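These notes are about the structure you will find just below.
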Amino acid sequence: MDVKSVKLVYFSPTGTSKKIAEAVARGTGAPYEHVDLTRPESRTREFNVFGQELAVISMPVWAGRVPQEAVTRFRRLKADDTPAVLTVVYGNRAYEDALIELSDLALEAGFKPVAGGAFIGEHSYSTSEKPTAHGRPDSSDLEEAEGFGGKVKEKLAGIGGPRDIPPLELPGNRPYRDGNWDPGEPMDPTTEEELCIKCGRCAEACPTAAITVEDVVSTEEEDCIWCNACVKSCPTGARVMRPYMKKLTEWLHTNHSGWKESETYL
């Protein structure tokens, strides 16, 4: 099989999953286009059926699973035995069942997984004071992802067609770990109005359209998925984490700041 074109499929509120998908695609040497599941409109958007291009599917890991919001949006996709590279991006703690869950979702939609990888991205709760995987994926991570894309291309060159792709063995457990988690207190970020310039970048970054910018900035708590994209995108530091999220930032920095390598499966 020749890789003539690539479609990137990703849910990436803070941009790390997108970066990995792009790097893998660059490694194949083929032209690529984006299927971005991050924006709120992807909840209702109609997507074309995937054909014989290569799909590079990249998702973040939240608590060892694919985020439920991403799962819901991904299930709008349909494929016709489309070969797929599966990547998950996690914030230096663990990816647990996320990669095997993504494989199951891909098979359910009609994709044929040909390779998988788990890469490191800066944790969405990381701060300059309490960093966790700060700046990752860095240049070495992206170079490795490109090399992975090249290996996928080589593997496909030795396969006659999608139906000849052998089953892909990936780590993880079925049933998956319980993804339901209730912190017991609000987690949606808030706004320090005296610092806010009403630029609207927080609302633009929010994947669920939970933020409204008017005379004050308001957040629909039930729509917030705790991705922290609004905090990361605020140019003045007006968008801030709640106390419980700050506790998680401290815990992650204390327990999961060591260097971790990516893992790939072909």
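Per the conditions (1) more than 18 Å from Tyr265 (Cα to Cα); (2) within 15 Å of the chain's Cα centre (by Cα); (3) crowded, with 24+ Cβ neighbours inside 10 Å, the sole criterion not satisfied by Tyr125 is (3). (1) under 15 Å from Ser124 (Cα atoms); (2) in contact with a helix residue (DSSP H, G or I) (Cβ under 9 Å, 6 or more places away or on another chain); (3) part of a loop (DSSP other than H, G, I, E, B): which one isn't true of Ser257, the others all being true? All conditions are met except number (2). Just one of the numbered conditions (1) without any contact (Cβ under 8 Å) to a residue 60 or more places away in the chain; (2) surrounded by 20 or more Cβ atoms within 10 Å (Cβ to Cβ); (3) more than 24 Å from Ile165 (Cα to Cα) is not true of Arg65: (1). Among the residues of the range 212-239, the one identified as surrounded by 15 or more Cβ atoms within 10 Å (Cβ to Cβ), outside any strand (DSSP E or B), out of contact with any Ser or Thr (no Cβ under 7 Å at 6 or more places or on another chain) and among the β-branched types (Val, Ile, Thr) is Val231. Which numbered condition trips up Ala118, out of (1) part of a loop (DSSP other than H, G, I, E, B); (2) within 18 Å of the chain's Cα centre (by Cα)? Unmet for Ala118, out of (1) part of a loop (DSSP other than H, G, I, E, B); (2) within 18 Å of the chain's Cα centre (by Cα): (1). In this structure, does Ala55 turn out to be surrounded by 15 or more Cβ atoms within 10 Å (Cβ to Cβ), assigned by TED's automatic domain parsing to the domain that holds Leu107, at pLDDT 95 or above and part of a helix (DSSP H, G or I)? Criteria not met by Ala55. If you check Arg73, Arg45, Arg26, Arg93 for being over 16 Å from Lys4 (Cα atoms), assigned to a helix (DSSP H, G or I), over 11 Å from the mean Cα position of the chain (by Cα) and not β-branched (Val, Ile, Thr), only one passes: Arg73. The condition of being assigned to a loop (DSSP other than H, G, I, E, B) and touching a strand residue (DSSP E or B) at 6+ places or on another chain (Cβ under 9 Å) holds for only one of Cys202, Cys196, that being Cys196.
Annotation note: of Asp182, Asp188, Asp178, the sole residue that is charged (D, E, K, R), under 25 Å from Glu69 (Cβ atoms) and buried (at least 18 other Cβ atoms within 10 Å of the Cβ) is Asp188. Consider the range 96-112 and keep the residues that are over 17 Å from the mean Cα position of the chain (by Cα) and not basic (Lys, Arg). The one that is surrounded by the fewest Cβ atoms within 10 Å (Cβ to Cβ) is Glu108.
On the given criteria, is Arg163 in a loop (DSSP other than H, G, I, E, B) and either closer than 16 Å to Val56 by Cα or among the charged types (D, E, K, R) (or both)?
Judged against the criteria, Arg163 is not a match.
Entry remark, the range 111-146: residues being closer than 16 Å to Ala94 by Cα and hydroxyl-bearing (Ser, Thr, Tyr) number 4 in total.
Within the range 23-43, the set of residues being under 13 Å from Ile57 (Cβ atoms) and of a type outside the set (Ser, Thr, Tyr) comprises Val24, Ala25, His34, Val35, Asp36, Leu37.
The values are calculated or read from the model by the stated rules, or taken from the named source; none is laboratory data. Since the model is a prediction, treat every value here as computed from it, not as a measurement. All Cβ positions, even for glycine, are placed from backbone atoms using ideal geometry, and neighbour counts span all protein chains on display.
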